[in-house]
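Have a look at the structure below before the remarks.
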Amino acid sequence: MSDVHAASWRARQVPAPTEVVDGVWAVPVPLHGSALRSITVFLVETSDGPVLVDAGYDHPSCWASFQRSLASIGHRVDAISTVLLTHNHPDHVGFADRLRAVSGARIVMGGADDFATMHRRRGSFLQQLRTALGLTGAPPDVVDGMYADAVEVAVHHESLRLDVGLTGRTELRFGDVTIHAVPTPGHTYGHTVYFDTRGLVFTGDTMMAEGPTQLAIVSRPEDDPAADLFRSLRRIRDLGAEIACPAHQFPYRDVAARADALAAFHRDEVEALRGLIGDGATAWDLARRTTWKKPWDDLGRGTRRFALVHTLALLRHAANTAR
């Protein structure tokens, strides 16, 4: 595993494809118009054909970059046999439908993140967000402004049809390679990581090399994504993986230690929030009093929205665990 990927990420550059271990490639794809800069699609070589983990963003520049990168490592898009999606966010499901049209690849994702299922149970992403913003206690003009901002950037048809919707831990065999799909809700309600029995775990957005995990949107009374995340991090820790391959940033070792450290960070977030909670305190009150990387008023508008929804999730967990 090369340190070039990490160095490029820290230099705010999109790195070239790199081989994580023999037969597993990290293929960064630029994210058009996003501060995240890129998402890493992983290609696993198997005797049944190449398998992808995640599918970038659906923009012509992303698709063109992905095709060039695959050609540079000796692979073709029309040879892809399966696409394993970690979750249903637009920078992950991206060009999955294009791949299926070109190669006939099967599309696999956690059943709770299947768009038809999500719409039936929760509504669209924007409907969930509108509900969550209303639950934060923010003033109506703030809710309206944050929602309007989200509508501008959340351009996503949410129409992808799955070939396989996973309903629990599932063993997937691709000739000489075995990959276990492991449910890991927290970032979304159907988030899934994929454990390659050779010692790698593809962690999607659940566990980056650095920084926190953005918690899922709270829109229903039973939602507690922080509790989901704590359980998911224990699952990942106990897999015995040697290398984590996240969808952003870079691959890293010491997977179990990172899972424990991330869980501790988010538990500290919950405890810090408990110290701020007063009678009738809302997520809106607490988010503005919480310590972020910058003071609240200096955060960008999109970052404030993420912070507010994250605070709502933490507040829900603090309330649930106080009972």
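The values are calculated or read from the model by the stated rules, or taken from the named source; none is laboratory data. Model, not experiment: these values are computed from the prediction. When we count neighbours, we look across all protein chains shown, and the Cβ atoms used for this are built from the backbone with ideal geometry, even at glycine. For accessibility, only protein heavy atoms count, side chains too; no ligands or nucleic acids. Shrake-Rupley method; radii C 1.70, N 1.55, O 1.52, S 1.80 Å.
Looking across segment 231-241 at every residue that is small (Gly, Ala, Ser) and buried (at least 20 other Cβ atoms within 10 Å of the Cβ), the one that is nearest to Gln128 (Cα to Cα) is identified as Ser232. Look at (1) touching a Phe, Trp or Tyr at 6+ places or on another chain (Cβ under 8 Å); (2) within 28 Å of Arg234 (Cα to Cα); (3) surrounded by fewer than 16 Cβ atoms within 10 Å (Cβ to Cβ) and you find that Thr197 fails only one, number (1).
Annotation note: of Leu262, Leu312, Leu299, the sole residue that is more than 30 Å from Val201 (Cα to Cα) and of a type in the set (A, V, I, L, M) is Leu299. Somewhere in segment 215-230, is a residue open to solvent by less than 20 Å² (accessible area, probe 1.4 Å), more than 18 Å from the chain's Cα centre (by Cα) and modelled with pLDDT of 95 or more? No, that holds for no residue. The set of residues from segment 148-165 being within 30 Å of Ala307 (Cα to Cα) and either open to solvent by less than 40 Å² (accessible area, probe 1.4 Å) or at pLDDT 95 or above (or both) comprises Asp149, Ala150, Ala154, Glu158, Leu160. Kindly evaluate Gly145 against the criterion of being open to solvent by less than 50 Å² (accessible area, probe 1.4 Å), in a loop (DSSP other than H, G, I, E, B) and touching a residue at least 40 places away in the same chain (Cβ under 8 Å). No; evaluated as a whole, the condition is false for this residue. Only one entry of Ala244, Ala259 meets the criterion of being at pLDDT 95 or above, more than 30 Å from Asp149 (Cβ to Cβ), in a helix (DSSP H, G or I) and open to solvent by less than 10 Å² (accessible area, probe 1.4 Å), and that entry is Ala259.
Only residues that are part of a loop (DSSP other than H, G, I, E, B), of a type outside the set (D, E, K, R) and within 23 Å of Gln128 (Cα to Cα) were counted across segment 175-206, and they come to 9. Restricting the first member to segment 103-117 and to residues that are acidic (Asp, Glu), and the second to residues that are part of a strand (DSSP E or B) and open to solvent by 10 Å² or more (accessible area, probe 1.4 Å), the beta-carbon pairs closer than 6 Å and six or more apart or on different chains are Asp114/Gly165.
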